[in-house]
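Here is the structure we will look at, set down as structure tokens.
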Amino acid sequence: MARPDKIAEVEMITQKLQAAQSLVLADYSGLTVEKMTFFRQQCRANKVECRVVKNRLAKIAADNAGVEVIKDLLRGPIAIMFGPESQVDPAKIVAEFAKKNEAMEIRGGMVDGAYLDADQVMALSKVPTRDELIAKMMGSINSSVTGVVMVMNGVVAGLARAIDAVAKQKAETAN
């Protein structure tokens, strides 16, 4: 790469490191081209950017972005998954793919500037996504409202039965 290209690459990586809510670093050596292409498609579908960068340039970008803790992970073939919109999605995608493909090894990651080791990335992958949490919360709210409606319906139905019974009793006594 020519010098201006390297400078532009470092600036782009620095911006992505600063903008990402989370990122995961993984060793992808041993993956076939087809598997890596499939993995990148999964990342794109979930609005996660998968970048394979030169380690030397990534280390410079890490210094520029103030995230020196990831520099130790930058050795060998490394892919960086940036999550600009989600703290959980990169970890979920990488963890799910790594379960099916042993060649993918999670090295570590970051969430809001805090370093995560490989085990912490796996734990993060088990956290429900924002949409899942919203759905659970809406289900909880809906269940309490449904309970109130059922109780009110029971009271009204009981009142209707009582009025019907009184009406039948008066009709029998009138006859």
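Return the single residue from LYS100, LYS126, LYS54 with maximal mean-square fluctuation; model: Gaussian network over the chain, springs between Cα atoms under 10 Å.
In the Gaussian network model the winner is LYS100.
In what sequence do THR37, THR14 fall when counting other Cβ within 10 Å, fewest first?
Ranking THR37, THR14 by Cβ neighbours within 10 Å, fewest first, gives THR37, THR14.
Compute a Gaussian network model of the chain, connecting alpha carbons closer than 10 Å, and tell me which residue from MET122, MET12, MET137 fluctuates the most.
The residue with the greatest mean-square fluctuation here is MET137.
Can you tell me which of ALA79, ALA91, ALA157 moves the most in a GNM of the chain? Springs connect C-alpha atoms under 10 Å apart.
Per the Cα network of the chain with a 10 Å cutoff, ALA157 tops the list.
Taking the Cα centre of the stretch 129-175 as origin and charging only Cβ (+1 Lys, Arg; -1 Asp, Glu), how large is the dipole, in debye to the nearest 20?
The dipole magnitude comes to about 100 debye.
Give me the Debye-computed log₁₀ of I(q)/I(0) at q = 0.15 Å⁻¹ for the chain, equal point scatterers on Cα only, no solvent, two decimals.
-0.85
Modelled label-to-label distance, THR173 and GLU85, 7 Å Cα→beta-carbon offset: nm?
It is 7.0 nm.
To the nearest 20 debye, what is the magnitude of the charge dipole of the stretch 70-114 about its Cα centre, counting +1 on the Cβ of each Lys and Arg and -1 on the Cβ of each Asp and Glu?
160
So between ASN46 and SER143, what do we pick up on full extension, going 0.36 nm a residue minus the alpha carbon distance?
Working it through step by step, the gained length comes to 31.9 nm.
For THR37 and ALA157 in the same chain, what is the full-extension length gain: residue separation times 0.36 nm, less their Cα-Cα distance, in nm?
Full extension from THR37 to ALA157 adds 37.1 nm.
When a footprinting reagent is the concern and you count Cβ atoms within 10 Å, what order do VAL48, VAL24, VAL149 take, fewest first?
VAL149, VAL48, VAL24
How far apart, in nm, are the 7 Å Cα→Cβ label points at ARG56 and VAL166?
9.3
Taking Cα centroids, how far is the stretch 131-175 from the stretch 1-21 in Å?
Each part's Cα centre sits 63 Å from the other's.
Nearest 0.05, what FRET efficiency do VAL69 and ALA135 give at R0 = 35 Å with Cβ-Cβ as r?
0.55
Give the shape of the stretch 129-175 as rounded, prolate or oblate, defined through the alpha-carbon gyration tensor: a ≥ b ≥ c are the square roots of its eigenvalues, a/c under 1.5 means rounded, and otherwise the shape is prolate if a/b is larger than b/c and oblate if not.
It is prolate, given that a/c is not under 1.5 and a/b is the larger ratio.
Considering the Cα positions of the stretch 71-175, please state its Rg to one decimal place and its Dmax as a whole number of Å.
Cα radius of gyration and Dmax of the stretch 71-175 are 29.0, 98 Å respectively.
Just so you know, all these numbers are worked out from the coordinates, no wet-lab data involved. Everything numeric here is computed off the predicted structure, so don't read it as measured data. For neighbour counting, all protein chains shown are included, and Cβ atoms are generated from backbone atoms with ideal geometry for every residue, glycine included.
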